[in-house]
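Data block below; observations after.
The values are calculated or read from the model by the stated rules, or taken from the named source; none is laboratory data. Just so we're clear, the structure is a prediction, and the values are computed from it rather than from any experiment. No Cβ is skipped: glycine too gets one built from the backbone with ideal geometry, and neighbour counts run over all protein chains shown. Side chains are part of the model used for accessible areas, which takes the heavy atoms of the whole protein and leaves out ligands, DNA and RNA. Shrake-Rupley method; radii C 1.70, N 1.55, O 1.52, S 1.80 Å.
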Amino acid sequence: MKSRRALGRSTHHPFHLPWLGAGDLTDNELSADDVVRKTGWVFNNETGDDLTLKEFVETGDKEVRLFMRLLRLEEFPTETSSLVEIGSGIGRMTAAFTQRFRKVTACDVDSAFLERCRQTVAKFGRIDRLVTSHVADGKSLSITDNSADMAFSYITLQHCETRDALSLVGEAIRVTKPGGVVVLNFRTWVKGDVLLVPLGFLVRSMWRMPVVGGSLSRWRWSTRLGWQANRLKPDIVLAEFANKLDKIQIFHSAKRSLTVTAKSEFDLLPTNRINPSHWWLVAQVS
Ligand SMILES: C[S@@+](CC[C@H](N)C(=O)[O-])C[C@H]1O[C@@H](n2cnc3c(N)ncnc32)[C@H](O)[C@@H]1O
């Protein structure tokens, strides 16, 4: 089968290549379990010949429960609310979201992932509550203003080019109703990044090379390095968006300190069980 890139259905943006490569694989008549085995590493690093879609989705169920609790969202009236998930992949967490929210719009840069997401939700979630939306340019959502009660993104913004990541933050705010909540996960600097980030830049440049570039963008070692795309500190995000937000909370790992000097009002909340390289922005849209 011709790849969707060869058919001209996707962009040539280097940041999108590993996802589109994995998406091509999911197009190739693999069973849902094969998709997880062959591309599971793309999503949560749980590799293994035996990993099934069911087990993969169970990791998403657990994380939805965990983050609703850690990020103090347990009181959120999910049953009457709509959620936009940015970077849904094949629906690892989407299935659990459809069990909680009245309506879920799953968005992803790869359209084949969205087809698989529908299958995942049909099997493990509530398909009557799911809508999918392709993020064709990797930076804007085809969703109307003020239409969602919550916008959520996990391990996605770190893989985008910095400007695209910031654009998607703006989009999350745009599509969320005033009084609604954005729940966005970012990756910030850790010591290992001194090596990882330049290596990521190098690998992404190699993805553009003729002939070898295509394979490189599918190999696990290469994609894991290449997707190390950006590190966004809270100050950068708040400088651009704090004026559109209220009740800003920044959750980060209790194992490390996180310096935030933004002038806006915010609560800095060291929390157990958050990855030390991650932080979360949870805020109400003004
Ligand atoms: C590591 S996966 C995480 C998937 C899901 N959030 C989860 O936790 O299982 C990152 C996802 O983000 C998507 N993605 C990467 N860049 C994107 C962009 N610019 N716009 C929308 N989705 C993007 C990828 O296609 C992939 O499905």
inquiry  = Straight-line reach from Lys263: which lysines fall under 22 Å, measuring Cα to Cα and dropping same-chain residues less than 8 apart?
reply    = Lys233, Lys244, Lys247
task = Check cross-link reach from Lys62 to the lysines: straight Cα distance under 26 Å, and skip same-chain residues fewer than eight apart.
result = Lys38, Lys54, Lys103, Lys123, Lys255
inquiry  = Sort 15-27, 234-246, 135-147, 85-97 by packing, meaning the average of other beta carbons within 10 Å per residue, with the highest value first.
reply    = 85-97, 15-27, 234-246, 135-147
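Over the chain, average the accessible area per residue using a 1.4 Å probe and give it in Å², no decimals.
Ligands and nucleic acids excluded, the figure is 46 Å² per residue.
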remark   = On the accessible surface of the stretch 14-285, probed at 1.4 Å with all protein chains in place, carbon and sulfur together account for a percent value of 52
key: Computed [θ] at 222 nm, helices only, for the chain once each DSSP H run of length n ≥ 4 contributes -39500 (n - 2.57)   = -12000 deg cm²/dmol
message = If the only charges are +1 at each Lys and Arg Cβ and -1 at each Asp and Glu Cβ, what is the size of the charge dipole of the stretch 14-285 around the Cα centre, to the nearest 20 debye?
response = 560
Point-to-point label distance, Asn28-Asp145, nm (Cα→Cβ direction, 7 Å offset) = 4.5
The stretch 225-278, dipole about Cα centre (Lys/Arg Cβ +1, Asp/Glu Cβ -1), debye to the nearest 20 = 240
key: Net dipole in debye of the stretch 133-286 [+1 Lys, Arg Cβ; -1 Asp, Glu Cβ; about Cα centre; nearest 20]   = 640
inquiry  = Please report the equivalent ellipsoid semi-axes of the chain, computed as sqrt(5 x eigenvalue) of the Cα gyration tensor, largest first, in whole Å.
reply    = 28, 23, 18
